[in-house]
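Undergrad: Got a structure for you, questions after.
The values are calculated or read from the model by the stated rules, or taken from the named source; none is laboratory data. On a predicted model such as this, the values are computed, not experimentally measured, just so you know. When we count neighbours, we look across all protein chains shown, and the Cβ atoms used for this are built from the backbone with ideal geometry, even at glycine.
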Amino acid sequence: MGMVRHLFFYTEMRFRMIKLVASDLDDTLLNKDSRLSAENKQAIAEALRKGLIFTISTGRMFQSTLPFARELGLPEDQPIICYNGALIRRLSGETLYEQPLSPDVSSLVVDHGQSRGWTINAYFDDELYVAKLNQEVRDYATRVRCDVTEVGDLVQFIQDGGKRLSKLMVISEPSQTPERMEELRPLVGDDVQLVRSRPRFIEITNRQAHKGAALCWLAQALGIKPDEVMAVGDSQNDLTMLEAAGVGVAVANASLEIQAVADHVVATHYDHGVAQAIHEFALQSR
């Protein structure tokens, strides 16, 4: 049966032309040093030359994603997906799509976390705000290369003017992450998307804000059918994106959950898995 499915997939690929490639950033497109490898850059450049559209789909902020998009040579009118699908914005800065958290939901989550001493990042207007700077926050800001503003009471910050945040993120020790996720689920119910993007990160967005919904919106806006889309990812926040795409690809370092839903598994992020996916499943289709 596995061989039959394998042959059917490749037969189907002959008739399916990939027009849009969407890739996660951390632990997928970036290597262990959080940089773009020459192999991935070359594959993306070849895809662009041959008329494919390439976009980044990440949980990161827009300001943290933009340098990589520009390093790849993406055009200024190219939209990229940020905050796990809560924001689609062109490189030029034009916002096309937003799905922020409501102030009430954000306040509920932050109040719960602050009372327990959790480290919580709040993202508003593409800036990062925290109640208090600590080493966890400093390490995160250094890794993603962004500034941080300390505001004291984060709940009061949100409620002042009814701020609609793009995302909240709880930073935990890996051993604490599952317990905190289970603690948050009954608190927020179905009001949010709650995903573990990395062992230390719990990401919280609007329930309509996920990579799958954002990728579908973008494909439709570009006049591209879902089965003409390839998505590449590694983590729980990539699940809906891989399910929504005509071809879902997991890098080999992906969680078993992601590998199980992917149509294909390619090399790890440090062995240029995105380049392999582009050559084998996007460029081969043209």
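Undergrad: Looking at Ala22, Ala69, Ala43 in this structure, which one is at pLDDT 95 or above, buried (at least 23 other Cβ atoms within 10 Å of the Cβ) and among the small types (Gly, Ala, Ser)?
TA: Ala22
Undergrad: Also: Test each condition in (1) outside any strand (DSSP E or B); (2) free of Cβ contacts under 8 Å to residues at least 24 places away in the same chain for Thr149 and report the one that comes out false.
TA: If we test Thr149 against (1) outside any strand (DSSP E or B); (2) free of Cβ contacts under 8 Å to residues at least 24 places away in the same chain, just (1) comes out false.
Undergrad: Sort through Gly117, Gly113 and tell me the only one that's free of Cβ contacts under 8 Å to residues at least 40 places away in the same chain and either surrounded by fewer than 16 Cβ atoms within 10 Å (Cβ to Cβ) or within 27 Å of Pro186 (Cβ to Cβ) (or both).
TA: That would be Gly117, the only listed residue that is free of Cβ contacts under 8 Å to residues at least 40 places away in the same chain and either surrounded by fewer than 16 Cβ atoms within 10 Å (Cβ to Cβ) or within 27 Å of Pro186 (Cβ to Cβ) (or both).
Undergrad: Can you list residue pairs whose Cβ atoms sit under 9 Å apart, with the first residue in region 49-76 being touching a residue at least 60 places away in the same chain (Cβ under 8 Å) and the second being hydroxyl-bearing (Ser, Thr, Tyr) and in a loop (DSSP other than H, G, I, E, B)? Count only pairs 6 or more apart in sequence or on different chains.
TA: These pairs meet every condition: Gly59/Ser235; Met61/Ser166; Phe62/Ser166; Ser64/Thr58.
Undergrad: Exactly one condition in (1) small (Gly, Ala, Ser); (2) under 21 Å from Lys41 (Cβ atoms); (3) in contact with a helix residue (DSSP H, G or I) (Cβ under 6 Å, 6 or more places away or on another chain) is false for Ala252; which is it?
TA: (3)
Undergrad: Write out, first by first residue and then by second, each pair whose Cβ atoms fall under 6 Å of each other, whose residues are 6+ apart or on separate chains, and whose first residue, in region 30-44, is charged (D, E, K, R) while the second is surrounded by fewer than 17 Cβ atoms within 10 Å (Cβ to Cβ).
TA: Matching pairs, first to second residue: Lys32/Tyr270.
Undergrad: Go through region 87-115 and report how many residues are touching a helix residue (DSSP H, G or I) at 6+ places or on another chain (Cβ under 8 Å) and closer than 16 Å to Cys216 by Cβ.
TA: Matching residues across region 87-115 total 5.
Undergrad: Among all residue pairs at least 6 apart or on different chains, which show Cβ distances below 6 Å where the first residue, located in region 125-136, is touching a residue at least 12 places away in the same chain (Cβ under 8 Å) and the second is among the aliphatic types (A, V, I, L, M) and part of a helix (DSSP H, G or I)?
TA: Val130/Val137; Ala131/Leu154
Undergrad: Hey, another quick one. In the list Glu173, Glu127, Glu150, Glu182, which residue meets the criterion of being closer than 14 Å to Val109 by Cα and of a type in the set (Asp, Glu)?
TA: Glu182
Undergrad: Going through Arg196, Arg164 one at a time, which residue ends up being surrounded by 12 or more Cβ atoms within 10 Å (Cβ to Cβ) and either on the phi > 0 side of the Ramachandran plot or modelled with pLDDT under 95 (or both)?
TA: Result: Arg196 is the single residue among Arg196, Arg164 that is surrounded by 12 or more Cβ atoms within 10 Å (Cβ to Cβ) and either on the phi > 0 side of the Ramachandran plot or modelled with pLDDT under 95 (or both).
Undergrad: Confirm whether Ala244 is surrounded by 22 or more Cβ atoms within 10 Å (Cβ to Cβ), of a type outside the set (S, T, N, Q), within 27 Å of Glu39 (Cβ to Cβ) and touching a helix residue (DSSP H, G or I) at 6+ places or on another chain (Cβ under 7 Å).
TA: Criteria not met by Ala244.
Undergrad: Still on this structure: Does His264 meet the test of being at pLDDT 95 or above and farther than 10 Å from Val232 by Cα?
TA: Criteria not met by His264.
Residue-wise test of (1) under 17 Å from the mean Cα position of the chain (by Cα); (2) under 23 Å from Gln193 (Cβ atoms); (3) not assigned by TED's automatic domain parsing to the domain that holds Lys225.
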site	(1), (2), (3)
Phe62	yes, yes, no
Leu87	yes, yes, no
Glu94	no, no, no
Asn134	no, no, yes
Gly152	no, no, yes
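Undergrad: So which residues in region 49-69 are out of contact with any Lys or Arg (no Cβ under 8 Å at 6 or more places or on another chain) and either not in a loop (DSSP other than H, G, I, E, B) or not hydroxyl-bearing (Ser, Thr, Tyr) (or both)?
TA: Once the filter is applied, which keeps residues that are out of contact with any Lys or Arg (no Cβ under 8 Å at 6 or more places or on another chain) and either not in a loop (DSSP other than H, G, I, E, B) or not hydroxyl-bearing (Ser, Thr, Tyr) (or both), region 49-69 yields Arg49, Phe54, Thr55, Ile56, Arg60, Met61, Gln63, Thr65, Leu66, Phe68, Ala69.
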